[in-house]
Amino acid sequence: MSAVLERPLTVAVPATSANLGPGFDCLGLALTLENTFTFAPAPETDFSGCPPRFADTHNLAWRTFNETRASLGLPPQTVALSQTVGVPLSGGLGSSSTCIVAGVAAGLASAGLPWDREETLRRACAIEGHPDNVAPAVCGGLTASFVTEGEVTCLQSDVAPEWRFVVISPPYEVRTEDARRALPATVAHADAARQLGRCFGVVRALERGDGALLGRASHDRLHEPYRRPLIRDYDACREACLDAGACAFWISGSGSSMVAACLGDASAANVLAAVPDGLPVRVLRAQTAGTSIAPCDV
Ligand SMILES: Nc1ncnc2c1ncn2[C@@H]1O[C@H](COP(=O)(O)OP(=O)(O)O)[C@@H](O)[C@H]1O
Ligand SMILES: N[C@@H](CCOP(=O)(O)O)C(=O)O
């Protein structure tokens, strides 16, 4: 068994939208937007394609690659890391998860281990701290996940093909760390109870293409009320999207992106047109394949 990466390897990891309204730290959805990471054996460490402030050994994908190797008792390997970045940084679309998943997957591969979704998910979740982004990033589709003594349970569902997700990504970052600090330490019992049925309602609505159910279920009291003030375009976007026919409107992960869930292309086009001018917006679908890993030529 070889203990270094001998050939370049590309890991493609989808963007994810976590929480989906009432499913705080539990629900997540993989989207048709991705980051790719090519790890190539090289005499010296090199970074290309990533935001300049991450072009050094603090790069989360690079760090995770070598931390994964260290956890297997292997020394650091110098690699050239080349990225294509489709997922906005600190945008609530799981950019950190893409780096962590890629680093774990490449680290395991460099030890000669076969691609193993469960092991990648377990390790990535331990690093990220919550499973709702890494689970759909690794497995694809819609996931409900939780962790029991370090073991991740990931329940995956298919998403009805007519769903379109209008994703608005304002040009400012909200760091997940800061958005988590905005949350209260405790919640009222009644509020926690109120979330449970709604969480299940979101899953059922996405599986079945039930827009009315998604609208009724998409009311959150655990995180959105505290995070709205961090996203100055939230109120205007929410009102515009719901008025234009979106079935539901969520903060994506911890923001700043927001998602309007729509049924069908025509509805998505209406909602897209209603988004206030100047905000970057795209229409995405659910991504079903999750992470892929393949040798490549560079
Ligand atoms: N493309 C990237 N290249 C290198 N590091 C990245 C990249 N994307 C995200 N990161 C890392 O993840 C952090 C952002 O994480 P976070 O605030 O959780 O954002 P998100 O909500 O997008 O996951 C960045 O500060 C950086 O350390
Ligand atoms: N459940 C987490 C999800 C954070 O997602 P991200 O894409 O913003 O990193 C939270 O809401 O804090």
Which listed residue is of a type in the set (Gly, Ala, Ser), crowded, with 24+ Cβ neighbours inside 10 Å and either within 20 Å of ILE293 (Cβ to Cβ) or touching a strand residue (DSSP E or B) at 6+ places or on another chain (Cβ under 7 Å) (or both), from ALA111, ALA80, ALA126, ALA105:
ALA105
Take the range 1-32 and flag every residue that is of a type in the set (A, V, I, L, M, F, W, C), within 9 Å of ASP132 (Cα to Cα) and surrounded by fewer than 24 Cβ atoms within 10 Å (Cβ to Cβ).
PHE24, CYS26
Just one listed residue, out of THR78, THR57, is more than 16 Å from ligand 2 (Cβ to nearest atom), among the polar types (S, T, N, Q) and touching a Ser or Thr at 6+ places or on another chain (Cβ under 6 Å), and it is THR78
In the range 1-45, the residues that are among the hydrophobic types (A, V, I, L, M, F, W, C), in contact with a strand residue (DSSP E or B) (Cβ under 6 Å, 6 or more places away or on another chain) and within 14 Å of ligand 2 (Cβ to nearest atom):
VAL13, ALA15, ALA18, LEU20, CYS26, LEU27, LEU29, ALA30, LEU31, LEU33
Could you tell me whether the range 226-238 includes any residue that is assigned to a loop (DSSP other than H, G, I, E, B) and closer than 21 Å to ALA30 by Cα?
no
Within the set of pairs 6+ apart or on separate chains, which have a first residue in the range 31-53 that is more than 21 Å from ALA109 (Cα to Cα), a second that is of a type in the set (S, T, N, Q) and assigned to a loop (DSSP other than H, G, I, E, B), and C-beta atoms under 6 Å apart?
LEU31/GLN287; THR32/GLN287
Scanning the range 33-62 residue by residue, those over 16 Å from ALA12 (Cα atoms) and crowded, with 16+ Cβ neighbours inside 10 Å turn out to be THR45, PHE47, PHE54, ALA55, ASN59
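Since every read-out is calculated from the coordinates, none of them should be taken as a lab result. Note that the structure is a prediction, hence the values are computed from the model and not measured. Positions of Cβ are backbone-derived with ideal geometry, glycine not excepted, and every protein chain shown enters the neighbour counts.
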